[in-house]
1. Need one number: % antiparallel among DSSP beta bridges in the chain, to the nearest 5.
2. Which value in Å is the Kirkwood Rh of region 293-381 over different Cα pairs?
3. Hey, in the GNM for the chain with a 10 angstrom Cα cutoff, which one of 138, 84, 113 fluctuates hardest?
4. Given region 49-288, what percent of its DSSP beta bridges are antiparallel, to the nearest 5?
5. Would you mind getting the Kirkwood hydrodynamic radius of region 49-288 from its Cα pairs, rounded to one decimal in Å?
6. Want the number for residue 288 to residue 77: 0.36 nm per residue separation, take away the alpha-carbon distance, what's left?
7. For the chain, what relative contact order do you get, as a whole percent, if you take Cα pairs closer than 8 Å and at least 6 residues apart?
8. Using 0.36 nm times the number of residues separating residue 32 and residue 52, minus their current alpha carbon distance, what extension gain do you get?
Ligand code: PLP
């Protein structure tokens with residue numbers, strides 16, 4: 001390899017962005033034989049067969065071309081129907097829907113479409129690892145709004161209000177939440193909606209885990225009075241339909257927002273892959289029963305996980321959605337990163353340090369239960385042993 005470096009030629013904004021803190025642990029886990037990974041953020045299910053078959057059939061029929069920039073018209077119509085039925089929000093398929101390459105692309109487009117240089121974006125933390133870097137890449141200024149276990153890791157209107165300045169333009173919400181599994185009850189959402197209206201904020205609402213809501217119904221902020229037009233609603237197929245590798249998602253919102261996002265999308269992505277769009281169409285038309293079955297399975301595992309942490313004596317609030325638990329590991333005397341690194345090395349179990357999702361995640365780890373019950377049971381046996389060992393060591397150190 002050449003000795004020359006080219007970093008001086010790189011965009012300083014990109015240079016200043018740190019690679020995801022999760023990467024190091026994934027690399028460590030990948031080189032550890034016999035590891036049980038509770039680190040990944042994707043369902044352990046394979047995409048249901050009828051969806052895969054629809055894609056194969058589409059290829060046989062010769063679906064190999066570009067689609068319209070905003071996505072296949074029949075998929076956009078199906079998306080609009082699904083969202084109206086599921087969340088009670090109505091959109092026009094011709095100008096208020098954009099099919100994207102995952103929620104990842106939709107998030108990037110939404111931020112780039114509304115954020116001008118120096119605009120502030122409120123980001124409740126702990127949060128998904130992409131929010132801060134994507135805000136910075138869009139020219140915005142991320143403003144973290146931390147929350148803690150005592151408030152169930154829910155974004156609170158009062159805390160958000162304190163962070164608002166004349167430069168605040170966007171609130172970036174994600175409930176059910178990655179990494180905590182927290183959901184936002186309607187009452188809290190209503191307070192946040194009033195705040196957004198009072199301060200004329202745009203909401204970018206990442207609802208990729210909406211279907212994975214275990215207690216009560218998911219409410220979208222877009223469904224609240226006065227919020228539809230100021231919300232860019234993002235969701236997709238990766239989690240609920242077990243379709244991470246297909247790279248397919250969508251954005252819904254006022255035609256001005258979707259129009260601006262489509263402009264960026266048409267110059268950068270052109271369109272989402274036609275095969276993934278055909279598969280998504282089948283998932284929406286005939287995949288809901290299978291989706292509900294996966295959700296029931298996650299719900300069962302969630303109870304198992306919460307009980308396992310209670311048995312270990314690690315406080316873990318009851319996650320109302322997604323497929324993550326976020327236990328408090330402070331009683332072990334280890335930091336989040338020490339806990340994660342030693343758990344991989346000593347017991348071959350991978351989780352993710354909570355501080356990867358914001359400073360307020362320190363003292364916690366993210367544990368995904370998108371793994372089989374056998375794997376979960378074995379992982380918890382090992383983790384229990386690990387936690388006991390460190391707690392005993394800590395007690396001995398205090399005595400001596
Ligand atoms: N948003 C959140 C909150 C996520 O957890 C993830 C993936 O883990 C994404 C977006 C990315 O989703 P997609 O696969 O649709 O790009």
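FYI, it's all coordinate maths here, none of it is from the lab. Values in this document were obtained by computation on a predicted structure and should not be read as measured data. Glycine also receives a Cβ, built like all others from the backbone with ideal geometry; neighbour counts cover every protein chain displayed.
1. 40
2. Evaluated over region 293-381, this radius sits at 13.2 Å.
3. Per the Cα network of the chain with a 10 Å cutoff, 84 tops the list.
4. Among the beta bridges of region 49-288, antiparallel pairing accounts for roughly 30 percent.
5. With all distinct Cα pairs of region 49-288 included, I get 18.0 Å.
6. My answer for the length gained is 74.3 nm.
7. It rounds to 24 percent for the chain.
8. Using 0.36 nm per residue and subtracting the Cα-Cα distance, I get 4.0 nm.
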